[in-house]
Amino acid sequence: MANNLMRFDPFGDISRFDPFSNLEGVLKDFRMLPALRGLEAEPRIRMDLSETDNAYLVKAEIPGVKKDDIKVAIDGNQVSVSAEIRKEEDKKSASMVRSERYYGQQYRSFTLPQEVDDTKAEAKYSDGILELTLPKKAGSGGKQITIQ
């Protein structure tokens, strides 16, 4: 017959007390907080990236921006999108009670697996969605070698 009795140790949990056991979770939550109270963290440009045999297709959400305030830069396989959201001047003399909209600079950069032919790249902006067609550069797809 097996002995299932355990010795009672009233200080067992205290001796295993680890004050830093949840430190990583606390720091993670702290990083998500804005640096200044009352301000929201800068929203990130959200995007979808898909690939065809010949090109990469990007759809990025950038609402409330004029197309002249959006800049797209391509350097090899590095693509950068930046946009400035300008605060509208209120011509009425009403004072702001609450403001939740973000104003300022947004930036997003990403690296693609293959270089982009920047001479054939296209960009369209409509209804808050930036659509990029980024053709792959011929001959830069890398080479697969056979293992012997």
(request) Within the stretch 96-121, track down each residue that is open to solvent by 100 Å² or more (accessible area, probe 1.4 Å) and either free of Cβ contacts under 8 Å to residues at least 40 places away in the same chain or closer than 18 Å to T52 by Cα (or both). (result) M96, V97, R98, R101, P113, T119, K120
(message) Exactly one of these conditions fails for A41: (1) under 20 Å from S99 (Cα atoms); (2) at pLDDT 90 or above; (3) among the hydrophobic types (A, V, I, L, M, F, W, C). Give me its number.
(response) (2)
(request) Determine, yes or no, whether D127 is closer than 28 Å to A55 by Cβ, open to solvent by less than 50 Å² (accessible area, probe 1.4 Å) and among the acidic types (D, E). (result) no
(request) Select from the stretch 77-95 the residues that are under 22 Å from I45 (Cβ atoms) and either at pLDDT 85 or above or open to solvent by 30 Å² or more (accessible area, probe 1.4 Å) (or both) and list them in ascending order. (result) N77, Q78, V79, S80, V81, S82, A83, E84, R86, K87, E88
(message) Cβ-Cβ distance below 8 Å, separation of 6 or more or different chains: which pairs start in the stretch 51-68 with a residue that is at pLDDT 90 or above and in a loop (DSSP other than H, G, I, E, B) and end on one that is among the aliphatic types (A, V, I, L, M) and open to solvent by less than 10 Å² (accessible area, probe 1.4 Å)?
(response) I62/I45; I62/V81; I62/A83; I62/L130
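The values are calculated or read from the model by the stated rules, or taken from the named source; none is laboratory data. Just so you know, these numbers come straight off a predicted model, no measurement behind them. Cβ atoms come from the backbone with ideal geometry, glycine included; neighbour counts cover every protein chain shown. Just so you know, the surface numbers come from the protein's heavy atoms only, side chains and all, with ligands and any DNA or RNA stripped out. Shrake-Rupley method; radii C 1.70, N 1.55, O 1.52, S 1.80 Å.
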